[in-house]
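Working notes, structure below.
The values are calculated or read from the model by the stated rules, or taken from the named source; none is laboratory data. Not measured: the values here are computed from a predicted model. Positions of Cβ are generated from backbone atoms using ideal geometry, with glycine treated the same way; all protein chains shown enter the neighbour counts.
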Amino acid sequence: MGSKRALVIVHDPGSTAAMVGDRFEHHGYELDHFVLTTDVEHTYCDKPFPDPTQFDAILPMGAVYSVYDTASIGSWIDREMDFLRLADANGVPVFGVCFGGQALAVAHGGTVKAAPKDQVGWHSIPSETPQLASGPWMQWHYDHFEAPAEAEVLSKDEWGTQAFRLRRNLGTQFHPEVDTTHLQKWFDYGGISELEKFDMNPEQLMAETKRNAELARPNTNALVDWFLSDIATHESEAA
């Protein structure tokens, strides 16, 4: 029997699956990557999305863009929404992270808008779901989203929805994938200048990430395990 396949949707060069991908590989998944942009200054992409039914799971990851910024990503964001709806209609599990979670929400009737305040750094979230730890989790977002009406909201704080599930879909606002290597990619693709806007020290954030990633990895593993054992096998029929 061949290995299971998960499709990682890479929206920009700094946003890969990192620790989330590691755990999928631990469970025997082969990761395929569908890369939409390799340069954050050149966001046009006319590549056709693959057939979601050829994969056992879909992982839309984060991005430096906003879901509603059609001036930047209008060449592909609507097609990604169609792709996510098609995955859902065919029972293909989707685990969306940050931008990917927002896109997942909007694809199924939720909303995304600019947040009244930004959330950057390591934060805890409220959770009464044992498989979803309260953190600390990495956050780096300037938007917030409301989950689809049908969804079960797993965590919500003053910034908005932090996690929801809907049929075989799981969306998070926080970043369960981030370790020091991943954070360095963000730094390499403009993250340091972003931190300067908030008077945040990149060396300090890297040191915090080195400490917190050791705590986050087992939490990420538990979240992926739960997604694969429960959410991805949910039997309810897609709407």
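Among the residues of region 49-61, none qualifies, meaning not one is closer than 30 Å to PRO202 by Cβ, assigned to a loop (DSSP other than H, G, I, E, B), without any contact (Cβ under 8 Å) to a residue 60 or more places away in the chain and acidic (Asp, Glu). Annotation note: Cβ proximity below 7 Å between a residue of region 153-168 that is touching a residue at least 40 places away in the same chain (Cβ under 8 Å) and a residue that is among the acidic types (Asp, Glu) and in a strand (DSSP E or B) (sequence gap 6+ or interchain) occurs for GLY160/GLU146; THR161/GLU146; PHE164/GLU152; ARG165/GLU152.
The combined condition, being in contact with a helix residue (DSSP H, G or I) (Cβ under 9 Å, 6 or more places away or on another chain) and not in a helix (DSSP H, G or I), is fulfilled by GLU177. Evaluation of ARG23 against the conditions (1) at pLDDT below 95; (2) closer than 18 Å to LYS4 by Cα shows that the sole unmet condition is (1). Within region 1-48, take every residue that is farther than 19 Å from VAL92 by Cβ, part of a helix (DSSP H, G or I) and in contact (Cβ under 8 Å) with a residue 24 or more places away in the chain and give me the one that is farthest from the chain's Cα centre (by Cα). Here the answer is HIS26.
Here ALA216 passes the criteria (1) among the small types (Gly, Ala, Ser); (2) closer than 17 Å to GLN119 by Cβ; (3) free of Cβ contacts under 8 Å to residues at least 60 places away in the same chain except the one numbered (3).
Of the numbered criteria (1) crowded, with 18+ Cβ neighbours inside 10 Å; (2) over 19 Å from ARG79 (Cα atoms), the one SER3 fails is (1). For region 122-138, what are the residues that are assigned to a loop (DSSP other than H, G, I, E, B) and either in contact with a strand residue (DSSP E or B) (Cβ under 7 Å, 6 or more places away or on another chain) or of a type in the set (Val, Ile, Thr) (or both)? Once the filter is applied, which keeps residues that are assigned to a loop (DSSP other than H, G, I, E, B) and either in contact with a strand residue (DSSP E or B) (Cβ under 7 Å, 6 or more places away or on another chain) or of a type in the set (Val, Ile, Thr) (or both), region 122-138 yields ILE125, PRO126, SER127, THR129, LEU132, GLY135, PRO136. Within region 96-128, the set of residues being more than 20 Å from LEU183 (Cα to Cα) and touching a residue at least 60 places away in the same chain (Cβ under 8 Å) comprises GLN102, LEU104, ALA105, HIS108. For ASP118, indicate whether it is more than 16 Å from SER155 (Cβ to Cβ), modelled with pLDDT of 95 or more, of a type outside the set (Phe, Trp, Tyr) and surrounded by fewer than 21 Cβ atoms within 10 Å (Cβ to Cβ). No; evaluated as a whole, the condition is false for this residue.
Do the conditions hold for THR70, that is, is it of a type in the set (Ser, Thr, Tyr), touching an Asp or Glu at 6+ places or on another chain (Cβ under 9 Å) and within 23 Å of SER155 (Cα to Cα)? In short, no.
For the structure I just gave you, tell me whether PHE198 is touching a Cys at 6+ places or on another chain (Cβ under 8 Å) and either of a type outside the set (Ser, Thr, Tyr) or more than 22 Å from THR111 (Cβ to Cβ) (or both).
Values: touching a Cys at 6+ places or on another chain (Cβ under 8 Å): no; either of a type outside the set (Ser, Thr, Tyr) or more than 22 Å from THR111 (Cβ to Cβ) (or both): yes.
So PHE198 does not fit the description; no.
Here the condition is being over 17 Å from LEU228 (Cβ atoms), out of contact with any helix residue (DSSP H, G or I) (no Cβ under 8 Å at 6 or more places or on another chain) and in a helix (DSSP H, G or I); of GLN119, GLN102, it holds for GLN102 alone. Scanning region 11-58 for residues that are in contact with a Leu (Cβ under 7 Å, 6 or more places away or on another chain) and under 22 Å from PRO176 (Cβ atoms) yields HIS11, ALA17, VAL20, GLY21, PHE24, GLU25, HIS27, ASP32, PHE34, PRO52, PHE55, ILE58.
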